[in-house]
Amino acid sequence: MILATTDVHGCVYAHSYADGSTLGLGLSRFSSAVKEYRSKGETLVLDNGDILQGTPLLTVANKTPHKHLLSQILNHIGYDAVNLGNHDFNFGHEVYRRYLRDLVAPCLTSNILDHESSIGHSKLIRTAGDKFVALIGVCTDYVPHWEKPAHIRNLTFLDPIETVRKEIARLRPYADAVVVMYHGGLERDPHSGSSTERPTGENVGYVLACLDGIDVLITGHQHRSFVAEINQTLVTQSTFNAKEFVEITIDFDLDVKCTARIIPMDAFERDEAIEEIARPIEIETQKWLDQPLGSVEGPSLKVDDSFLARLHKHPLVSFINQVQLEVSHAQLSAVALFNNTTGFNPDITMRDIVSTYIYPNTLVVKQIDGKTLKQFLEKCAEYFSLRDDRIIVNPQYDEPKPQHFNYDMVDGVDYTINVSNPIGSRIQDLRYKGKIVSESDIFTIVMNNYRAVGGGDFMMIPSLPTVSEINRDMAEILAETIQKHKRYRVVHQDNITVIR
Ligand SMILES: [Mn+2]
């Protein structure tokens with residue numbers, strides 16, 4: 001039996017850091033699951049990456065220069081091997097190196113080179129008496145399209161398809177079964193095979209599944225749940241935040257027969273032993289989250305309906321842009337509301353900030369001409385579409401993966417999005433200080449580092465000249481701003497009109 005987690009995103013405890021409510025997720029529950037399976041028989045436990053980022057607990061743990069908390073937890077659970085995901089590079093070299101150093105389980109990731117040598121290596125594991133399983137791990141090579149250059153300095157990302165092909169050729173002769181973990185998703189529907197996205201190379205799981213010689217392909221990254229068979233390869237993906245895991249059975253009698261099921265984590269109780277290991281850092285995290293920082297004055301920054309918050313540009317957007325403009329001295333500022341944003345109460349604590357600004361982003365100031373600004377806004381305007389004459393969210397931003405964080409709203413200019421017009425010609429009446437923007441006008445614009453390297457397929461952005469970089473976490477910048485002012489005045493800009 002194999003149990004696999006993917007996209008755990010720092011979820012150890014079964015509670016919400018936003019409001020303390022109990023949730024049916026977390027590695028603490030997974031630990032109980034592993035104990036139960038192992039009491040019944042041999043069980044290999046694997047993780048497919050994106051584990052180091054996503055909760056305040058991990059933000060604190062990553063900054064604590066001791067034995068890495070997650071390594072201690074994975075050691076206790078008894079993981080057999082891990083793979084790395086794109087978010088595992090978010091805190092730089094020191095953090096993922098410390099995580100891997102302190103982990104008993106080997107790292108499999110063989111398509112990322114650190115100074116010419118591979119971060120991880122494939123493994124042959126003996127199981128079921130005299131059978132050998134080859135474990136191969138690769139990560140999407142799209143990481144440089146999202147990550148801060150400093151965090152991936154001296155790293156080389158090789159093509160996952162070529163790497164897997166080579167590893168299969170090398171190990172297949174010695175293995176009874178080949179299991180590949182790929183921190184990436186599927187570019188096609190797993191059942192029908194029809195294309196579901198532009199072929200950027202971010203997700204190549206379908207092509208991988210079609211390679212000969214793989215028995216099981218464990219995917220991730222898209223936070224989806226499915227089990228499918230593609231080219232006689234069993235392909236799985238379980239969703240994020242340790243809400244589920246995949247249970248895979250390999251039957252070695254009668255050739256090799258593989259089956260899998262997605263198991264919800266809420267079927268298992270929390271394991272006190274895991275929570276005990278995390279306790280010191282959890283206490284520190286809760287203290288940090290409850291720090292009162294100050295208050296904001298002006299319109300409410302609470303988000304009740306996230307569709308309306310984007311359609312009518314919520315004051316929360318004005319607030320974040322206002323802070324970005326102040327700290328960067330740029331003329332324009334772009335920001336998105338992340339998925340499931342709840343916003344701020346008037347008295348703001350660190351808890352409000354980290355549950356609203358969930359990514360460890362920094363800021364970059366780019367120089368942009370009027371023509372490219374228009375292209376940028378046109379790309380943003382793809383977010384909306386029409387159904388029965390009503391404005392809705394373009395379904396591509398919901399399925400297969402929610403990507404509401406790719407709808408940026410720009411302050412410093414006024415503009416109208418006409419959703420009735422075809423994609424690419426929806427921006428109207430684009431003005432800077434009342435004057436229509438011409439193609440040759442030049443501005444400075446501040447945005448997060450993800451967007452600055454083109455994240456979300458904003459292909460017009462990376463080649464723009466960089467004016468400056470502010471290498472501090474945006475959550476930290478927001479906290480400092482409020483702390484400095486005690487009472488921070490938000491001036492809402494009603495500058496974006498969405499019509500049909
Ligand atoms: Mn992920």
- line: Restricting attention to region 292-323, the residues that are out of contact with any strand residue (DSSP E or B) (no Cβ under 6 Å at 6 or more places or on another chain) and exposed (fewer than 15 other Cβ atoms within 10 Å of the Cβ) number exactly 6
- request: Give region 115-131 a look and list any residue that's surrounded by 15 or more Cβ atoms within 10 Å (Cβ to Cβ) and over 13 Å from GLU42 (Cβ atoms), or say none.
  value: SER118, ILE119, GLY120, HIS121, SER122, LYS123
message: I need a count of the residues in region 352-390 that are part of a strand (DSSP E or B), aliphatic (A, V, I, L, M) and buried (at least 17 other Cβ atoms within 10 Å of the Cβ).
response: 4
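Yes/no matrix, rows are residues, columns are (1) modelled with pLDDT of 95 or more; (2) small (Gly, Ala, Ser); (3) more than 19 Å from ALA278 (Cα to Cα); (4) in the same structural domain as TYR357 (by TED's automatic domain parsing):
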{"residue": "THR6", "(1), (2), (3), (4)": "yes, no, yes, no"}
{"residue": "ALA18", "(1), (2), (3), (4)": "no, yes, no, no"}
{"residue": "LEU23", "(1), (2), (3), (4)": "yes, no, no, no"}
{"residue": "THR55", "(1), (2), (3), (4)": "no, no, no, no"}
{"residue": "ASN75", "(1), (2), (3), (4)": "yes, no, no, no"}
statement: ILE51 fails exactly one of (1) crowded, with 24+ Cβ neighbours inside 10 Å; (2) free of Cβ contacts under 8 Å to residues at least 60 places away in the same chain; (3) part of a helix (DSSP H, G or I), namely (3)
message: I need every pair where a residue in region 6-23 that is acidic (Asp, Glu) has its Cβ under 9 Å from the Cβ of a residue that is more than 16 Å from the ligand (Cβ to nearest atom), sequence separation at least 6 or different chains.
response: ASP19/THR342; ASP19/ARG351; ASP19/SER355
message: Consider region 189-222. How many of its residues are farther than 12 Å from THR140 by Cβ and surrounded by 20 or more Cβ atoms within 10 Å (Cβ to Cβ)?
response: 8
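Looking at this structure, is VAL8 farther than 26 Å from HIS121 by Cβ, part of a loop (DSSP other than H, G, I, E, B) and under 18 Å from the mean Cα position of the chain (by Cα)?
Values: farther than 26 Å from HIS121 by Cβ: no; part of a loop (DSSP other than H, G, I, E, B): yes; under 18 Å from the mean Cα position of the chain (by Cα): yes.
No, not satisfied.
Going by the conditions given, is SER39 free of Cβ contacts under 8 Å to residues at least 12 places away in the same chain, of a type in the set (S, T, N, Q) and assigned to a helix (DSSP H, G or I)? Give the steps one after another, and end with the answer.
Numbers: free of Cβ contacts under 8 Å to residues at least 12 places away in the same chain: yes; of a type in the set (S, T, N, Q): yes; assigned to a helix (DSSP H, G or I): yes.
Yes; evaluated as a whole, the condition is true for this residue.
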- prompt: Restricting attention to region 439-465, which residues are surrounded by 12 or more Cβ atoms within 10 Å (Cβ to Cβ), more than 28 Å from the chain's Cα centre (by Cα) and part of a loop (DSSP other than H, G, I, E, B)?
  reply: ASP441
field: Breaking point among (1) within 16 Å of the ligand (Cβ to nearest atom); (2) under 17 Å from VAL246 (Cα atoms); (3) buried (at least 24 other Cβ atoms within 10 Å of the Cβ), for ILE2
entry: (1)
- line: Only one of GLY85, GLY26 is among the small types (Gly, Ala, Ser) and either farther than 20 Å from PHE268 by Cα or surrounded by fewer than 20 Cβ atoms within 10 Å (Cβ to Cβ) (or both), namely GLY85
- line: ARG101 passes all but one of the listed conditions (1) touching a helix residue (DSSP H, G or I) at 6+ places or on another chain (Cβ under 6 Å); (2) more than 16 Å from the ligand (Cβ to nearest atom); (3) assigned to a helix (DSSP H, G or I); the exception is number (1)
task: Looking at (1) more than 16 Å from the ligand (Cβ to nearest atom); (2) over 19 Å from HIS221 (Cβ atoms), find the lone condition where ALA81 falls short.
output: (2)
field: Residue satisfying condition, being assigned to a strand (DSSP E or B) and more than 16 Å from the ligand (Cβ to nearest atom), within set VAL34, VAL60, VAL45, VAL138
entry: VAL45
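The values are calculated or read from the model by the stated rules, or taken from the named source; none is laboratory data. What you see is a predicted model, and the numbers here were worked out from it, not measured in a lab. Here Cβ is always computed from backbone atoms with ideal geometry, including for glycine, and neighbour counts include all displayed protein chains.
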